[in-house]
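The values are calculated or read from the model by the stated rules, or taken from the named source; none is laboratory data. Since the model is a prediction, treat every value here as computed from it, not as a measurement. When we count neighbours, we look across all protein chains shown, and the Cβ atoms used for this are built from the backbone with ideal geometry, even at glycine. Heads up: the accessible areas ignore ligands, DNA and RNA and are worked out on the full protein's heavy atoms, side chains in. Shrake-Rupley method; radii C 1.70, N 1.55, O 1.52, S 1.80 Å.
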Amino acid sequence: MLSSISLRHMRVFVAVADHGTFTAAAEVLGLTPSGLTATIRQFEDVAGTPLFDRTTRQVTLSATGARFLPTARRLISEFEEALGDLDALSKGIGGTIRIAAAPSVLTRILPGVISRFVDEHPDARLRLDELNAGEVHEAVARNEADFGIAGEWHALPDIAFSPLFSDRFGVLCRPTHAFARRSAIAWSELADQAFVGLGPESGTRAMMAAQGSFAGEAGGAGGTGGATAYAGVDPAEVAASPAVKRAAALGLPEAQMALRRANASERAIERVAKAALAKRAEDAKNGGRAADGSGSTMIDPIAQLRPIVETSNTITLAAMVAEGVGITVLPELAARVADLAAPGKLAFVPLCEPVRKRPIGIITRQSRSLSPIARIFLAMVIEQAPKMDLPAAIEWGVSS
C-alpha cells in the first residue's frame, strides 16, 4: 500500500537521483549498497512503477521518477522545516511565522517591524504572502497563514477581525489634473471622470461599494460583499454557473471561493436593494425630499464609477493613472505605496461628502491559538506600527 512509503524512501530516492548511482547514494546516506537497492525496489513495488531506468553504467530517472522528484524534494523540505519549528518552539527561540497581508501593509508597515524583530529573534523565519483582503481571510481560514493583516471582508466561520487602524479614501490623479489643486473632493464629482480601478476581488473595491452606497444612508445594509455588482459582474450568474458549481463540487478551492464570494455578494446586493426601496418610499412620503430634509434623494456615487480599466494590482493601477488613462480611488496608505511606483507623477486628494475610511485589522482564527513566536511578532506590530512615518490621517484602533 502507498501508505507504507516513508520519509526514508523519499530520502533514498532523492539521493540516487542526485548522485546517479546506488553506490554513491549509499555512501552519502551511510547505507550499504544492498540495503539502499532494497529500499528503492520496495518503493517501486509499492508505487507500482519503475522510478529509475538502470544500465550497467548508470541509473537515470524514469519518466515517472522525474515527475515525482520535485514532490519528493518538497515533502522532505517541509518535514525538515516542521521539525526545526518544533525544536525552536519547544525551546522558545524561534519557528516560522506565516503572514498574509494587503500590499500596503507589507510595503509600509511590516518592513520596519521585521527589521527590529529579526535582530531580536534571529532564529525565527517569516513567510510573507501579498494577497487581497478576501484572499487574506481565506488563507487564515484554511490555516495557510498564522494570521493576516488586511481590510474587512464578508464573514467567514471561525474568523475574528480586530481593528488596527483606518485610513481615508481619496482620489489619485496626475499633478496636472484639476483635482490635484483641490484640498478635498466630493464623491459626486467623480461621476464624469475617466476612471480606472481595482477589480471586484479587491477588498478596497468592496469597501468602497459597501461604504459609499446611497451616500452613506444605506451603506451599512450593503455589507462588504457587494463589490461585484459595481464592477459590472452579476454575482447571480456566477453563483448559478454550472461550470463553477461542478468545479466546486470537485473540491477545487478557486471555484469554491468564487462560489462563496458570489453568494455573499448576491445577498449583499439584495440587502442594498431593499434598503434603497425603503429609502425611496420614505422620500416619496416626504414629497420627494430625502428623510434628512437635504433635498432630493442622492444617487449612489460609487455605483456610477464604471472603470474603463480594471486590475488586481495597485502598482499597475498607479501606472495607468500616471499615464493619464484616468483617475482612481484608493485608501491613503495604498495611494502612498502606489506613489512609490511613479514618484512625482501622482497626487492624492481626500474625498469628502461623505468621508469614508478603510478599516485594516488583524485576522485570526478563533479556534486556534498563535505560536509563542507569532504572538511576539504580532505584539511588536501593534506596538511599533503607530510610531512609523505614515500618513497623518491614519487613525489607530478605529474601525469605522
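What the table below lists for this structure:
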{"quantity": "Mean Cβ count within 10 Å, highest first, over the residues of peptides 124-130, 326-332", "calculated": "326-332, 124-130"}
{"quantity": "Simple label model, 7 Å out from Cα along Cβ direction - I382 to A38, nm", "calculated": "5.7"}
{"quantity": "Whole-number accessible area per residue in Å² for the stretch 2-96, which is evaluated in the context of all protein chains at 1.4 Å", "calculated": "59"}
{"quantity": "Share of carbon and sulfur in the accessible heavy-atom surface of the stretch 320-385 [1.4 Å probe, %]", "calculated": "52"}
{"quantity": "Rounded to whole Hz, the Karplus (6.51, -1.76, 1.60) HN-Hα couplings of the stretch 351-368, x for glycine and proline", "calculated": "9, 9, 6, x, 6, 10, 10, 9, x, 10, x, 9, 9, 9, 8, 5, 8, 9"}
{"quantity": "Total formal charge among the other residues, if their Cβ is under 13 angstrom from that of R368, Lys/Arg +1 and Asp/Glu -1", "calculated": "+1"}
{"quantity": "Global form of the stretch 360-400, assessed from the alpha-carbon gyration tensor, a/c cut-off 1.5", "calculated": "oblate"}
{"quantity": "Inter-part distance where the stretch 5-58 and the stretch 166-201 are each reduced to a Cα centre, Å", "calculated": "63"}
{"quantity": "Distant-in-sequence amide H partners of R356 (H built 1.01 Å from N, under 5 Å)", "calculated": "F169"}
{"quantity": "Dipole-positive endmost among I159, T96, A184 within the stretch 76-189 (Cβ charges, Cα centre)", "calculated": "A184"}
{"quantity": "Student exercise, the stretch 308-365 dipole from Lys, Arg, Asp, Glu Cβ charges, in Debye to nearest 20", "calculated": "300"}
{"quantity": "Size of charge dipole - the stretch 20-156 - debye, nearest 20, with Cβ of Lys, Arg +1 and Asp, Glu -1, no other charges", "calculated": "460"}
{"quantity": "Accessible surface of the stretch 1-97, 1.4 Å probe, proportion on carbon and sulfur as whole %", "calculated": "56"}
